[in-house]
Structure formats: C-alpha cells, structure tokens
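The values are calculated or read from the model by the stated rules, or taken from the named source; none is laboratory data. All values reported here derive from a predicted model rather than from experimental measurement. Because the Cβ atoms are built from the backbone with ideal geometry, glycine has one as well, and the counts that use them run over all protein chains shown. Quick note on the areas: whole protein, heavy atoms, side chains included, nothing else; ligands and nucleic acids left out. Shrake-Rupley method; radii C 1.70, N 1.55, O 1.52, S 1.80 Å.
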Amino acid sequence: MSDPIRLGIAGLGTVGVGVVKIVQRQATLLAARCGRPIEIVAVSARSKDKDRGVNLTRYAWEDDPVALARRPDIDVFVELMGGSEGPAKDATEAAIASGKDVVTANKALLAIHGQALAEAAEAAGRVLRFEAAVAGGIPVIKALTEGLAGNAISRVMGVMNGTCNYILTRMDSAGLSYDAAFAEADGLGYLEADPELDVGGIDAAHKLTLLAAIAFGAEVNFDAIALEGIGSITIEDIRRAGDMGYKIKLLGVAQRTGRGLETRMSPCLVPATSPLGQLEGGTNMVVIEGDSVGQIVLRGAGAGEGPTASAVMSDICDIARGIRIPTFGQPAAMLEKATPATALSPSRYYLRLELADRPGALAKVATVLGEAGISIDRMRQYDHPGENAPVLIVTHKSARADLAAAMAALPGTKVVLGAPVALRIEDV
C-alpha cells in the first residue's frame with residue numbers, strides 16, 4: 001500500500017471534530033477505498049484545552065493556522081474555520097503557496113475569493129476542493145464537475161439553507177408567525193451567530209455563487225446575485241399560497257438567458273406537489289437540468305456534523321486516490337466573465353393585496369395591471385370581518401420590470417391599503 005496521506009486540520013468545531021471521528025473510526029475502510037492510509041498529523045483551533053469529546057493527544061498542535069498550513073509534514077490542509085477573511089483566507093493562501101492541496105467547507109471564503117484562490121492553486125499544481133461548502137452531505141459539486149460533465153446545464157436551483165426551510169415549514173405546519181418560528185429555530189441552535197446570514201439569504205447565496213461558476217463556466221461573482229431574504233414572509237402569505245396550491249421556499253436559481261447569467265436568491269412559490277414543495281424541515285435540495293440528462297433532484301442533509309464531515313472526507317479521499325481536477329470543473333483562467341442579467345426572466349407572480357372594501361376597487365387594480373402589460377390568470381377574494389378586503393392574484397408570465405411598474409402605481413389608486421406583496425412563482 002502507498003504511503004499515507006497526511007492531514008493538517010484547522011478548525012475543531014462541529015465539522016472538524018466530525019472529520020477527526022471519521023478518520024479515527026473508519027481508518028481501515030478509508031485505507032481500502034483510497035488505496036493508502038489517511039492520517040491526521042496536526043490540528044489547530046482557538047482553544048487547545050477545550051473538551052471536544054474526541055482524543056486529540058496523538059496530533060501535533062499549532063496555535064497559528066498559518067503555521068499549520070506551512071508544516072512540511074502535511075500533504076493536505078483542511079480548512080474548517082469559516083469566514084471570508086482573516087485566518088481562513090491567510091492560512092489557505094499559505095497552504096497553496098507551500099505546495100499543499102486544500103479541502104475546505106468555507107462557502108463564504110470561496111464565494112468572495114474563490115476565483116483568485118482557484119487560479120493560485122492551479123498555477124501551483126495544487127487542488128482546491130469544497131464539496132462540503134454547498135448543501136452539506138449532498139454530493140452536488142461532484143455531480144456537476146464529474147457526473148454531469150457531458151451536459152450543457154440550463155438551470156440549477158434549490159433550497160440551500162436548512163434554517164430558512166425549517167422556519168417556513170414550521171410557519172406552514174404549525175401556523176406560527178415568522179417571529180415565533182424564528183425564535184423556535186434560534187432556541188434549537190439552528191441560526192448562525194449573525195442570523196442575517198441565514199434568514200437574509202446570504203449563506204444560501206454564497207452556495208449558489210459556487211454552483212453557478214461550475215454549471216455555467218463563469219467567474220465567481222457573489223455580487224451579481226439578486227438577493228432577498230425571508231423576513232417579509234407572513235403567515236398570511238403561507239396560508240394564501242397554500243390555498244392556491246403552492247408552498248413558499250427560499251429558492252436559489254441560476255440560469256443563462258439571452259441577457260446574461262441570471263442568479264437570484266429569493267422567496268418563491270413552487271407547486272406544493274413538486275419535490276421542492278414537499279421538502280420539509282432542515283433538509284436541502286438541489287435540482288439540476290442538463291441537455292442530455294434532463295432534470296435530476298439531489299436531496300439530503302444540508303448541515304450537521306456527520307453530513308458535512310462526510311463531504312469533507314469525500315474530497316480527501318479523491319486527493320488520496322490521485323484524482324486532480326480544476327476547482328470549478330475547468331481551469332479557472334478559462335472561466336468567463338459572465339454578464340449579470342439585469343432583468344429577471346418573465347415569470348408568473350403571486351400578488352397579495354389589501355383593498356378598501358368599496359365598489360370599483362378591483363377594477364382599479366385590474367386597470368393598473370393591464371396598463372403595465374400584466375394579465376391576470378387567477379384571482380381570489382376572501383371573506384373579511386373588517387373594512388379591508390384581502391385579495392390574491394396569480395398573473396400570467398410577466399416581465400419583472402412591468403411588475404415593478406405596476407407595484408409602484410398601485411398605491412396611487414387609493415384603494416390599495418399597505419404595501420402589496422409580490423412573490424415569483426417558479427415552474428419546477
């Protein structure tokens with residue numbers, strides 16, 4: 001059997017400890033599957049004395065992750081610290097410069113600096129792998145770079161943040177308000193230290209950035225994503241969408257259009273009977289559409305110690321087997337600087353309005369929509385005890401710019417009370 005592949009692990013949080021456990025528990029299996037033993041040589045974390053529930057005494061300790069990255073006795077630097085700047089970035093750059101391969105679960109680092117890091121790694125003859133950075137235990141990176149390499153991808157979309165899906169699911173199943181479901185998720189430890197990373201869609205948008213780069217051969221460009229979180233979704237939206245056969249999901253979509261590469265992360269309605277509509281709790285799902293394979297659906301745990309550590313180990317095993325492919329499936333220097341689509345592709349929309357309960361109110365709304373070029377597919381008005389009449393409208397396919405013009409004009413009718421709500425309906 002070949003010499004062992006030697007790891008240096010920076011970051012001993014949930015995922016880092018999970019990787020240590022797999023290496024210790026599955027040593028014989030890993031050696032058989034990879035053709036060589038996998039050994040941990042050294043580790044680094046903020047605190048050396050913290051009890052992490054796993055034996056670390058056999059490994060060298062480095063207080064500085066950059067020093068760990070430069071150790072001559074490691075082959076692969078495993079970056080599990082997180083963060084787009086600071087020690088994670090410094091140590092990853094140091095590892096590449098020192099001739100090490102890198103495995104990371106750090107979506108923020110790659111979404112912001114992935115292009116430069118990939119170019120540096122490939123120039124140095126090193127590999128940079130990141131299966132664990134997107135959708136936890138779901139092997140979506142491997143699917144795109146390897147299994148679907150012969151396909152021209154037309155669309156990638158999915159639910160990529162389990163916390164948001166949990167909140168929306170609980171609002172639906174338990175009739176909770178957004179604030180109540182948010183508090184429940186927080187109490188269960190599902191939220192990041194900065195909750196806006198989750199509910200603001202930032203975490204999921206980092207992941208979508210990486211998928212778009214692979215799927216469409218585009219340079220990594222996080223700033224191009226049209227981003228909207230779930231904070232404005234109400235229990236009324238959940239219920240009304242359900243009445244019309246839809247579920248609300250924080251959905252990431254990347255697709256190439258005639259205007260450029262469209263990437264967006266926003267709350268959307270999807271058919272309740274679709275795979276995405278049936279997705280419950282903290283589970284993730286990614287849907288990929290290719291010209292040869294058609295549509296495939298990947299579903300699984302999007303976070304957690306076991307699933308994410310499993311994804312880290314898949315990259316380590318590939319390196320041990322000698323599998324060496326470019327970071328984003330093709331040389332980083334060949335990735336195109338894609339033109340961000342400045343207008344979203346036409347779509348149907350769900351509109352929720354509160355109207356003054358008086359004759360002619362609906363006619364005025366219909367006139368505004370018609371003048372903006374928007375036609376109505378379905379409309380529903382609900383019984384109401386007060387003076388405000390809740391109305392739901394599903395439009396035919398409309399351009400986003402036309403919808404925005406209509407939304408801006410509706411308050412001028414004097415019959416629309418409060419801010420109208422408009423959510424895109426995604427066909428899946």
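Of all residues in the stretch 190-211, those satisfying the criterion of being under 13 Å from the mean Cα position of the chain (by Cα) and without any contact (Cβ under 8 Å) to a residue 60 or more places away in the chain are 197, 198, 199, 200, 202, 208. The helices (runs of 4 or more DSSP H) located wholly in the stretch 1-77 that include 2 or more residues which are in contact (Cβ under 8 Å) with a residue 40 or more places away in the chain and either open to solvent by 50 Å² or more (accessible area, probe 1.4 Å) or of a type in the set (Lys, Arg) (or both) occupy 14-25.
Report yes if residue 258 is within 21 Å of residue 290 (Cα to Cα) and under 17 Å from the mean Cα position of the chain (by Cα), otherwise no. So residue 258 fails the test. Restricted to the stretch 350-428, the set of strands (runs of 3 or more DSSP E) holding at least 3 residues that are open to solvent by 60 Å² or more (accessible area, probe 1.4 Å) comprises 376-381. The listed residues are 116, 120, 213, 149, and the only one of them that is closer than 24 Å to residue 332 by Cα and in contact with a Leu (Cβ under 8 Å, 6 or more places away or on another chain) turns out to be 213. Applying the condition of being part of a strand (DSSP E or B), modelled with pLDDT of 95 or more and small (Gly, Ala, Ser) to the stretch 275-310 and asking which residue is most open to solvent (accessible area, probe 1.4 Å) yields 294.
Taking first residues from the stretch 218-236 that are in contact (Cβ under 8 Å) with a residue 40 or more places away in the chain and farther than 18 Å from residue 350 by Cα and partners that are among the β-branched types (Val, Ile, Thr) and open to solvent by 20 Å² or more (accessible area, probe 1.4 Å), the Cβ contacts under 8 Å between residues at least 6 apart in sequence or on separate chains come to 222/112. Of the helices (runs of 4 or more DSSP H) lying entirely inside the stretch 154-271, the ones with 2 or more residues being open to solvent by less than 40 Å² (accessible area, probe 1.4 Å), under 20 Å from residue 303 (Cα atoms) and not hydroxyl-bearing (Ser, Thr, Tyr) are found at 162-174, 178-187, 196-199, 202-216.
For the subset of the stretch 311-349 comprising residues that are of a type in the set (S, T, N, Q) and not in a helix (DSSP H, G or I), which member is surrounded by the most Cβ atoms within 10 Å (Cβ to Cβ)?
Restricting to residues being of a type in the set (S, T, N, Q) and not in a helix (DSSP H, G or I), the top hit is 327.
Residue 151 satisfies every condition listed in (1) in contact (Cβ under 8 Å) with a residue 24 or more places away in the chain; (2) under 22 Å from residue 227 (Cα atoms) except (2).
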